[in-house]
Structures are given as structure tokens and as C-alpha cells.
Amino acid sequence: MNELVSASQDPAPSRLTQIRGGLRALLRTALDVALPPLCPSCRAPLGDGVGLCAACWSKLSLIEPPYCARLGIPFTYDPGPGLLSMEAIADPPAYDRARAAVRYDDIARTLVVSFKYGDRLDLAPMMAKWMARAGRELLAEADALLPVPLHWRRLWARRFNQSATLAEAISGLSGVPVLHGTLQRVRATPQQVGLSKTERADNVQGAFRVSVEEKAQVAGRRLVLIDDVLTSGATVDTCARALLRAGAAHVDVLVFARVVAAVRTTI
Ligand SMILES: [Zn+2]
């Protein structure tokens, strides 16, 4: 009897959540129709425009060369071509190269949060344009793009995977196809926010895998992982390890924004 009671109680919260989610979506659609789009950063009306207003776009901090050939971390001076940062030498990642369009500062954070949690999918084409520009070397040599996957429960709650949306938009610009579902998140992991670098690495350990049926899709191929933000790099590093284990020839990483901690030195 106890089993019956608990079985009949279990679906109730999820149904309620489902109804709440549906109502929220309806309300948002109604608001979108009623209100003109606003710049997610300064709340200025965008008129016919999309994404950020022109003033906020100009305040985004683009990452341009010179930067570490491996990690893409910007240098404060030009040490010459191909030089690596201390980080890349002391603690080399599993992936080969990482590139990011902008620094993860206040404006980039507002943009990413609006895109990810505010249903501002209209931001994707502009973010993808900057990413394709920052990652042009990587894309020129790539066989396929792979979005960093969400666990199905988080995907269900958020209704879309922001990395997959960016990957599709970059594919449209570069012609490199996207592999959806090849890389799987097999374990739900707590959010990485507030964790140290070591804690982040432990948190995502073993969270990703390439399914047996999909191994042929990655074997011997040059791949680019796509994500919105790179903080410690633990998530993309774990993804890259899973892809290399499955036989990928080469894994690069392309993100919209990356955390740039302090002034970097080279050796
Ligand atoms: Zn603005």
C-alpha cells in the first residue's frame, strides 16, 4: 500500500512543474507581443534591432591576438607567434586549442544570462557571428561541431541547450556540420558556480561519454566543442577527454566568453 501511495504521489510535483512551465511560456509569449524588445544589458528599447544595443555591443571586450596559442588567454604584450602561457605549460588541457570571442565581464555576463535563462534566443546569431570570427582557424580545419550537452533534466527545465543553439548558428556561418547527441551527459552535475578549480574538475569527472553507436562519428575526426562560457575549463576538458577516448583525432574548444583572471606572463 505504501508503494502505491508513493507511486501515486510522485508524478504530482512534476505535473505541477509542467503546468507552471507552460504558463510561464505563455506569459512570456504574451509579453513579447505586447512589449518592444529591450537591450538585455541597459534595458534601452532596441527598435527594429536584435541582441544588444549598439552602445553595449561596443562595450564588449573582444579577445584579439596576441594570445596564448593553446588556451587563447590574451597577452598584455606580443611575445611573438606561437608562444604559450604559463598555464598552458604548467597544466596543459586535454583539448588542443581554445578560443573565445569576448572576456566574461559584466556586459558579457548579462548577455549570456539573458540568452540562457531569459529566452533571448534572438541573441544567438550575433553571439555566433563573434564566435565564428574568433574561431575561424579552428573552423577552417574542423570536421564537426559538438555542443556541450545538458543533462536531460536540465534540458527539460530550460527547454533548449544554449550550446546547441550556438553550434547551429555557427554551422550556418561556417558550413561545418553539428553532431547532436554524439556526446552525452550521463550524470547530472551540480552547477559549477562558486566551486574552486579542483572542485569543478571533480564535479564533472565522468559526466560525459560518447555512446557506442556514435563512436564512428568521432573516430579520426577533427572536432570543435561549442559552449557559451569557459571558466576553469573543467567541463570542456572532461568532454575533450571523452571524445579523445572515443578516437577523435583532435579536439578544439570555441566559446562565446571566457574568464580572464589577471595579467598573464609568458616564458
Ligand atoms: Zn544596451
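Worth a mention:
- If you check Thr198, Thr165, Thr235 for being out of contact with any Pro (no Cβ under 9 Å at 6 or more places or on another chain), of a type in the set (Val, Ile, Thr) and in contact (Cβ under 8 Å) with a residue 24 or more places away in the chain, only one passes: Thr235.
- Selection from the range 200-210 of residues that are more than 14 Å from Val148 (Cα to Cα) and open to solvent by 90 Å² or more (accessible area, probe 1.4 Å): Asp202, Gln205
- Taken over the range 47-96, the criterion of being within 20 Å of the chain's Cα centre (by Cα) and farther than 30 Å from Thr238 by Cα is satisfied by Gly51, Leu52, Trp57.
- Leading residue by the ranking (nearest to the ligand (Cβ to nearest atom)) among those in the range 43-61 that are outside any loop (DSSP other than H, G, I, E, B) and surrounded by 13 or more Cβ atoms within 10 Å (Cβ to Cβ): Cys56
- Test: Glu199 is among the acidic types (Asp, Glu) and modelled with pLDDT under 95: yes
- Consider the range 76-99 and keep the residues that are acidic (Asp, Glu) and open to solvent by less than 80 Å² (accessible area, probe 1.4 Å). The one that is farthest from the ligand (Cβ to nearest atom) is Asp96.
- Taking (1) over 10 Å from Asp227 (Cα atoms); (2) surrounded by 21 or more Cβ atoms within 10 Å (Cβ to Cβ) in turn, Pro149 satisfies each apart from (1).
- Number of the exception - Ala30 against (1) modelled with pLDDT of 85 or more; (2) away from the ligand (no atom under 12 Å from the Cβ); (3) open to solvent by 40 Å² or more (accessible area, probe 1.4 Å): (1)
- Within the range 66-81, being part of a loop (DSSP other than H, G, I, E, B) and in contact with a strand residue (DSSP E or B) (Cβ under 8 Å, 6 or more places away or on another chain) holds for Pro66, Cys68, Arg70, Leu71, Gly72, Ile73, Phe75, Pro79.
- Filter pass, Ile73 being open to solvent by 20 Å² or more (accessible area, probe 1.4 Å), farther than 21 Å from Thr165 by Cα and among the β-branched types (Val, Ile, Thr): no
The values are calculated or read from the model by the stated rules, or taken from the named source; none is laboratory data. Worth saying up front: this structure is predicted, and the values here are computed from it rather than measured. Ideal geometry is used to build each Cβ from the backbone, glycine not excepted, and the neighbour counts take in all protein chains shown. Please note that ligands, DNA and RNA were not included when accessible areas were found on the heavy atoms of the full protein model with its side chains. Shrake-Rupley method; radii C 1.70, N 1.55, O 1.52, S 1.80 Å.
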